[in-house]
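Novice: First the structure, which I've put down as structure tokens, then a few questions once you've had a look.
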Amino acid sequence: MSSQFIPSRLSIAMTIALSVSLTACNQAEKEQQNKTAENVAATTESKAEAATKSEKFSIQYNIFNKEDSAGNMQVQQDGNFVSAKLKMGWNNRRIETEETLEVNEQGFIVKQQIKGISAFGAPIDESYSYSDGLAVWKSLNESGQLESNGDEYYVPINGTGVSSSLLVKALAKDLDNKIDLIPAGTASLVKLDTVTLNNGKEDKKVHLLGIAGFGFTPNFAWYDDDYNFFATDGGGWFGVIPEGWGREHLEQLSEIQKRADNDYLKELAQKLTHTIEAPILIKNANYVDVETGNLIEGQNIVIDNGKISMIGTTLPKLANGKVINAQGKTLIPGLWDMHGHLQKSDGLLNIPAGVTNVRDMGNTHDNIIDIERMSEANEIMGGDVYRSGFMDRESPYAMKMGKTVDSLQSAKAAVDWYAEHGYPQIKTYSSMEPEWVKPLAEHIHSKGMKLSGHIPAFMTAEEAVRAGFDEIQHINMLFLNFMGKIDTRKRLRFTMVGEKAGELDLDSKEVEGFIQLLKEKGTVIDATLSVFKSLLQAKAGRINPEVADIYDHLPVTIARNFKTAILDIKDEERAAYNKSTEALGKMVKKLHDSGVQVVPGTDGIAGFTLHQELIDYAQAGISNADVLKLATIGSARVVGADKTNGSILEGKQADLVFVDGNPLEDMNALRKITVVIKGQNLYKPDEIYQAIGVKPFTKSIEIE
Ligand SMILES: [Zn+2]
């Protein structure tokens with residue numbers, strides 16, 4: 001389902017492109033910035049006022065996915081009035097939003113109206129106004145007001161992105177390049193680089209800006225001399241640039257933008273990774289033997305050269321070692337997220353959550369190769385990465401991120417390409433041709449690779465498994481197996497399950513027969529239960545139950561996105577959706593009890609969602625010991641890494657998570673992680689969370 005389900009990253013990039021203040025900036029840079037800020041402020045003061053008054057233009061931005069067009073945005077400005085129309089689509093997501101704004105002479109917004117349809121179909125109706133010292137905002141998700149001097153910026157939840165340009169103008173004009181945000185937060189701006197582009201008609205000087213205050217990490221984007229938004233392409237799924245400028249210019253800018261992003265993440269990783277060359281002694285350790293589910297108490301564990309060299313009750317004398325007293329904590333093996341769509345910054349969420357192993361279920365080749373290399377080299381924060389090659393068939397609903405194919409031949413060629421590039425698995429998507437599955441599975445298996453994915457539209461999961469699928473992504477596919485051959489390329493694969501999953505008798509002969517087939521075939525189920533529960537439970541104005549535990553820990557600008565509707569669920573449909581939400585958990589429990597291998601994955605916000613996934617499994621009735629086993633040795637076994645990882649054993653990689661509590665008794669204890677060790681690298685979750693604007697859950701324990 002690809003984590004675009006969380007408010008699409010692109011609109012965030014364009015809307016607010018922000019994150020927690022650029023803490024990593026060193027002192028020298030700060031002084032330099034202040035000097036530039038003064039000059040910027042001085043020159044911009046007069047220029048911007050003049051500009052705003054007289055500015056009249058209309059511009060079309062083109063939005064590209066990795067292959068072709070994903071949509072566009074039309075922006076018009078006439079003096080103090082700005083309007084924007086955003087239209088974009090990918091997979092079965094379609095965004096159509098219109099925004100109108102009025103700014104005052106100082107460049108601050110006094111009127112803002114946003115209307116439209118969000119990616120999964122929920123309506124958008126959001127407004128902001130400022131007059132007589134009062135800022136008032138209202139949307140389907142929230143409403144609020146506060147007294148203001150009018151020098152703050154409202155952060156829309158579903159904006160087109162045009163207001164971020166106006167914010168950047170205001171930030172550039174502001175003396176310390178900082179502006180308070182509504183409802184909360186502070187935005188700040190740093191100028192990072194300048195490039196002059198030429199498109200054969202004109203030279204264009206554009207500036208790479210780092211804008212912080214909106215997300216976990218800063219966002220980078222390009223602005224022109226007047227601080228109008230120009231382009232962005234962080235190497236993810238989408239790139240944006242005005243009409244008249246093409247992919248070649250975007251690629252030119254993207255290289256520099258990626259470098260700036262990398263530099264920022266490298267500096268953070270360096271600051272927050274405590275590499276201990278010497279042996280490490282962990283004393284008074286209670287650890288979970290995930291194979292048996294038992295808690296082994298009062299142990300001493302020695303780590304040397306990144307591996308567990310000794311476990312026992314004797315207290316070894318280490319010549320020049322480091323000592324950690326694990327008294328009162330519970331040690332578990334590093335956790336596995338079996339359904340990531342990694343971005344370089346995700347390590348900052350995964351590692352403090354104890355997620356030290358991620359299987360990526362679809363990415364651009366360059367991005368995942370970079371992440372794998374940079375994580376292994378400790379350049380960026382992140383654990384071990386396992387790749388899968390993404391493939392979809394050309395269609396109006398295709399997800400264009402990996403290989404998009406249009407014939408069985410080209411699909412086999414894509415498999416060959418992925419095999420040559422070291423991918424152990426192929427993940428296919430909803431537009432694939434049912435007839436191709438059998439011959440493609442044979443080709444994939446002939447390469448020693450595995451086939452998994454969404455069940456192709458117009459095919460049942462049973463047919464796909466009989467044709468050679470080794471693994472199925474997403475719990476909804478198992479319910480769709482009993483709902484006829486429908487066009488699951490569309491949002492039907494969500495809404496049909498929302499409406500009807502609750503009606504399926506899980507103890508019926510046909511369901512039990514199907515589960516028996518999965519058992520016999522050894523089919524693995526990558527359930528992503530939590531992300532589906534949050535999809536079916538999302539309601540405008542209500543904190544999504546799947547993030548309720550962490551809501552108050554998140555930066556406001558991120559948390560607000562979890563009080564929105566996602567699908568357009570009518571009130572009269574709620575009862576059916578609630579029943580179906582329950583049924584999803586019951587199916588996972590039934591699969592597990594029937595001996596079908598279930599693997600926990602997020603397809604959502606890194607780190608936090610995996611904890612919720614495991615809490616949901618426990619709430620569905622799977623024992624805590626079994627849940628921990630699924631998220632450690634169970635997952636390691638599925639990717640063939642159980643010889644080196646997945647359990648706490650002498651000789652295995654030091655892949656350890658210290659929990660402040662006992663997850664065998666209470667799975668919620670997983671939220672409170674005090675230390676994470678991966679090889680000889682030690683991480684303190686509280687300091688990592690502070691660096692990305694998240695309120696820590698517990699304090700880290702000291703190294704002696
Ligand atoms: Zn996915």
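Novice: For Asp593, what is the net charge nearby, where nearby means another residue's Cβ is under 12 Å from its Cβ and Lys, Arg count +1, Asp, Glu -1?
Specialist: Values: positive: Lys519, Lys586, Lys589, Lys590; negative: Asp507, Glu512, Asp626.
For residues surrounding Asp593, the net value is +1.
Novice: OK, next. If R₀ is 25 angstrom, what is the calculated FRET efficiency for the pair Asn104 and Lys138, using the beta carbon separation as r and rounding to 0.05? The partial results should precede the final answer.
Specialist: Details: r = 20 Å, r/R0 = 0.80.
E(calc), rounded to 0.05, equals 0.80.
Novice: Same structure, new question: Going by average Cβ neighbours within 10 Å, how do the peptides 382-388, 315-321, 618-624 rank, with the highest at the top? It would help to have the intermediate numbers written out before the result.
Specialist: On the way: 382-388: 24.9, 315-321: 10.6, 618-624: 17.3.
Most protected by this proxy first, the peptides run 382-388, 618-624, 315-321.
Novice: While we're on this one: If you take every DSSP beta bridge whose two residues both sit in the range 346-641, what share of them, in percent to the nearest 5, is antiparallel?
Specialist: On the way: 1 of 21 bridges.
Close to 5 percent.
Novice: Hey, can you rank 392-400, 546-554 by average C-beta count inside 10 Å, highest first? Display every interim value, and only then the final one.
Specialist: Working: 392-400: 19.8, 546-554: 17.7.
The peptides rank, most packed first, as 392-400, 546-554.
Novice: Give the peptides 91-97, 141-147 in descending order of average Cβ contacts within 10 Å, highest first.
Specialist: Values: 91-97: 20.9, 141-147: 13.7.
By packing density, highest mean first, the sequence is 91-97, 141-147.
Novice: Equivalent-ellipsoid semi-axes (√(5λ), Cα gyration tensor) for the chain, whole Å, largest first? Show your work: numbers first, answer last.
Specialist: On the way: eigenvalues 334, 201, 116 Å².
Semi-axes (√(5λ), whole Å): 41, 32, 24.
Novice: Sum -39500 (n - 2.57) across every DSSP H segment of at least 4 residues in the chain, then divide by the residue count to get the 222 nm mean residue ellipticity, nearest 500. Write down the numbers at each step before the final one.
Specialist: On the way: 19 runs with 208 residues, N = 704.
Dividing the helical sum by the residues of the chain leaves -9000 deg cm²/dmol.
Novice: Would you kindly state how much longer the chain becomes between Lys579 and Ser131 on full extension, computed as 0.36 nm times their sequence separation minus their alpha carbon distance, in nm to one decimal? Please report the intermediate quantities before stating the final value.
Specialist: Values: separation 448, 0.36 × 448 = 161.28 nm, distance 4.58 nm.
Contour length minus the Cα-Cα distance gives 156.7 nm.
Novice: Taking the Cα centroid of the range 343-411 and of the range 495-564, what is the distance between the two, rounded to the nearest whole Å?
Specialist: 22 Å
Novice: If you don't mind, there's one more thing I want to ask. Any chance you could give the angle, 0 to 90 degrees and rounded to 10, that helix 365-376 forms with the longest Cα principal axis of the chain?
Specialist: The angle comes out near 70 degrees.
Novice: Another one. How far is it, in nm, from the label point at Ala377 to the one at Ser309 when both lie 7 Å from their Cα along the line to the Cβ?
Specialist: With each label point 7 Å from Cα toward Cβ, the separation is 2.8 nm.
Novice: How much of the DSSP beta bridge set in the chain is antiparallel, as a percent to the nearest 5? Numbers along the way, then the final one.
Specialist: Details: 107 of 139 bridges.
Once the DSSP bridges in the chain are tallied, antiparallel ones form about 75 percent.
Novice: For each pair in Lys258/Lys322; Lys322/Lys699; Lys283/Lys344; Lys266/Lys539; Lys66/Lys266; Lys87/Lys586, compute the distance between the two Cα atoms and list the pairs where it is over 28 Å. Kindly include the intermediate steps, with their values, before the conclusion.
Specialist: On the way: Lys258/Lys322 37 Å; Lys322/Lys699 19 Å; Lys283/Lys344 34 Å; Lys266/Lys539 38 Å; Lys66/Lys266 26 Å; Lys87/Lys586 38 Å.
Listed pairs above 28 Å: Lys258/Lys322; Lys283/Lys344; Lys266/Lys539; Lys87/Lys586.
Novice: Quote the relative contact order of the chain in percent (integer), defining contacts as alpha-carbon pairs under 8 Å separated by 6+ residues. Walk me through the numbers on the way to the answer.
Specialist: Details: 1633 pairs, mean separation 96.9, N = 704.
Dividing the mean separation by the residue count of the chain yields 14 percent.
Novice: With every protein chain left in place, what is the accessible area per residue of the chain in square angstrom, probe 1.4 Å?
Specialist: On the way: 25800 Å² over 704 residues.
On a per-residue basis, the chain sits at 37 Å².
Novice: Straight distance only, please: which aspartates and glutamates reach the Cα of Lys500 with their own Cα at less than 19 Å, same-chain residues fewer than 8 apart left out?
Specialist: Correct list for Lys500: Glu462, Asp487, Glu510, Glu512, Asp568, Asp571, Glu572, Glu573, Glu582.
The values are calculated or read from the model by the stated rules, or taken from the named source; none is laboratory data. Values in this document were obtained by computation on a predicted structure and should not be read as measured data. Using ideal geometry, Cβ is built from the backbone for each residue, glycine included, and neighbour counts are taken over all protein chains shown. The accessibility values were calculated without ligands, DNA or RNA, using every heavy atom of the protein model including side chains. Shrake-Rupley method; radii C 1.70, N 1.55, O 1.52, S 1.80 Å.
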